[in-house]
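> Have a look at the structure that comes next, please.
No value in this document is a laboratory result; all are computed from the given coordinates. Everything quoted here is computed from the prediction, not taken from an experiment.
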Amino acid sequence: MTPGMIHAVGSVMKTLQQEDNHPFIVVKGDTIREKNDPVAFLTAVFHQAIEKNTVKEIAGIPFGCSYDAAATVLYNKFGKAYYSDQSAIVYKHIFYSGESFSTVAFRFQSDGKSDYFCGALFAIYVRNIDEALKVKERFHHRLAERYPSTSLIDEKLSAGGLPPVPYRRTVSFSNMQKGNNISDFGFGFEISVMSQDEDDYPYFVRIKYGPYEYVKEDF
């Protein structure tokens, strides 16, 4: 089980602790006891974890859709892109969901026959670390409303959700705070404070979805 799934299941269990009338459990203090059918209980927990936390779309574009389909929606929504090629469509200074983003990028994968919308990045440039932490906290609370598994990893990093496609690699939970790509741990997204070599805006806060592994390459 990936760290992302552990957090997703944990978010469901936390909710169930507050529901005395749940059909599969009896709550006694901090203890959850299965009743009726423990297999059904565990199945229900995993089903809820997946249903409530899977990242399925962003900006009205389903993950996994084709480049052409995504590009059409993006053009209708935001207009002409700042930059585009077959692997990315990038916008500068756009307003989305009540936020003014400095840069927004949509990423794509191809297997040579088909292409897939596999990831997105939303970034706001800020002038100092205090402002960056405030923006990061705001994003954390907003995404936690939609994805209950959203968790604080440290002051500069939150992660949550589940990827829309099965995750294939195995990673160590203990390596989570060592600069690895958070998607390597089976999370659907990360919210992070980053530094950059820019005098006016030395920090930026990003929401990063994926990249998810739609292209399967095996021996």
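> Hey, can you grab everything whose amide H is under 5 Å from the amide H of Y96? Only 5+ residues off in sequence or another chain; H modelled, so Pro and N-termini drop out.
Residues meeting the amide H criterion: F101.
> Amide H of E57: which non-local residues (sequence gap of 5 or more, or other chain) have their own amide H closer than 5 Å, using H built in the peptide plane?
Long-range HN contacts for E57: F63.
> First check a/c for region 33-150, with a ≥ b ≥ c the square roots of the eigenvalues of its C-alpha gyration tensor; if it is under 1.5, answer rounded, and if not, answer prolate when a/b is larger than b/c or oblate otherwise.
Note, shape of region 33-150 comes out oblate.
> What residues have an amide H closer than 5 Å to that of T150, excluding those fewer than 5 places away on the same chain, when H is modeled at 1.01 Å from N in the peptide plane?
So T150 has HN proximity to G161.
> Additional query: Can you pick out the pairs among K113/K216; K56/K80; K134/K208; K134/K156; K56/K208; K156/K208 whose Cα atoms lie more than 20 Å from each other?
K56/K80
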